[in-house]
Amino acid sequence: MTQKTIAEQSTGDRLSEKLIAFSDSLEKFESFNLHLLMSVAMGGIAPRGNILDAPTGRPAWHVGISVLGHLASSGLAFRGVVPFVVDEYLPSIRKEAEVQEGISHRTGPHTLSPGGAVAAQLAHDERLIAFVAQKVGQSLRPTGISSYLYYNQTGDHLYPHVDTEIFAVNFILMVKHDLPEGRTDGSALVIFDADHQAKRVPLDVGESVVIRASGTVHGREAVGEGERVTILTIGFEDERARVADA
Ligand SMILES: [Fe+2]
């Protein structure tokens, strides 16, 4: 480890400790706003998660990972196939995603539309609610809020960020991933866990993840030329952390 890296790390460690102590002194709404500020900051420090390309921002990046992980639960709780989701929902979700794309909007370096009736049905399906709750080990309230995200233009990606409380726990389903001929790997979900290392989480169509998304910095790698990705994201709320109850 170089002298500079050690210095960066200790600066980051000290600042993390101070901010974590500070965050513990905050009221719930203050904590909510600190969380929001730091989430947006992560995308500013490394818009594509490319922290190695932005060495001067590295201590700040590490502070963000640590403090956001303290403000909310973090970690990847599940990755794999949920059979009933694939068997009973995926075909109609794929159709719905295409229909909803007609009302989608650019909301950043990607396009977004609200989920439709099928996504809403899945969001309220008792089997999904029980599955996600079991994976994160806590009771959850389904928000019923879902979105389709489309990465269809070369370079489309998602800034590293954490989610707000309505997506405190996030179920993400890979709906569609088209790659140009000859390519086998493409854009992946990336999570930055408490160990600060970037973890690529490529998903096949039909695979899903459950992320403790309000404490885990996550983003999506840029899609290449001719590559198209559609995901469905469904939000669950940790009732114990509701700002509305403050
Ligand atoms: Fe997110």
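The values are calculated or read from the model by the stated rules, or taken from the named source; none is laboratory data. On a predicted model such as this, the values are computed, not experimentally measured, just so you know. Methodologically, a virtual Cβ is constructed for each residue, glycine included, from the backbone with ideal geometry; neighbour enumeration extends over all protein chains shown.
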Which numbered condition S147 misses (of (1) part of a loop (DSSP other than H, G, I, E, B); (2) within 15 Å of the ligand (Cβ to nearest atom); (3) modelled with pLDDT of 95 or more): (1)
Please tell me if P109 is surrounded by fewer than 18 Cβ atoms within 10 Å (Cβ to Cβ), closer than 23 Å to E221 by Cα and within 16 Å of the ligand (Cβ to nearest atom). yes
Sole miss for R127 among (1) surrounded by 15 or more Cβ atoms within 10 Å (Cβ to Cβ); (2) under 27 Å from D238 (Cα atoms); (3) in contact with a helix residue (DSSP H, G or I) (Cβ under 7 Å, 6 or more places away or on another chain) is condition (1)
Tell me, which helices (runs of 4 or more DSSP H) lie completely within the stretch 1-71 with 2 or more residues that are modelled with pLDDT of 90 or more and acidic (D, E)? 3-24
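Against the condition touching a residue at least 12 places away in the same chain (Cβ under 8 Å) and touching an Asp or Glu at 6+ places or on another chain (Cβ under 7 Å), how does V190 come out, does it pass?
For V190, the condition - touching a residue at least 12 places away in the same chain (Cβ under 8 Å) and touching an Asp or Glu at 6+ places or on another chain (Cβ under 7 Å) - is met.
Name every residue in the stretch 72-88 that is part of a helix (DSSP H, G or I) and surrounded by fewer than 21 Cβ atoms within 10 Å (Cβ to Cβ), in order of residue number.
Taking the stretch 72-88 first, the residues part of a helix (DSSP H, G or I) are 83-88.
Correct list: P83, F84, V86, D87, E88.
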Restricting the stretch 158-178 to residues that are crowded, with 23+ Cβ neighbours inside 10 Å and outside any strand (DSSP E or B), the residue that is nearest to the chain's Cα centre (by Cα): V162
Output the qualifying pairs, or none if there are none: Cβ atoms under 6 angstrom, residues six or more apart or on different chains, first residue in the stretch 20-31 and of a type in the set (A, V, I, L, M, F, W, C), second residue loosely packed, with under 13 Cβ neighbours inside 10 Å and not in a helix (DSSP H, G or I). F29/A246
Taking the criterion of being under 21 Å from G43 (Cβ atoms), touching a residue at least 24 places away in the same chain (Cβ under 8 Å) and more than 16 Å from the ligand (Cβ to nearest atom), would at least one residue in the stretch 156-172 satisfy it? no
Output for the stretch 179-214, where each listed residue is outside any strand (DSSP E or B) and either within 12 Å of the chain's Cα centre (by Cα) or of a type in the set (A, V, I, L, M) (or both): L179, A188, D193, A194, L203, V205, A213, S214
Out of everything in the stretch 179-203 that is more than 16 Å from the ligand (Cβ to nearest atom) and crowded, with 16+ Cβ neighbours inside 10 Å, what residue ends up being nearest to G226 (Cα to Cα)? L179
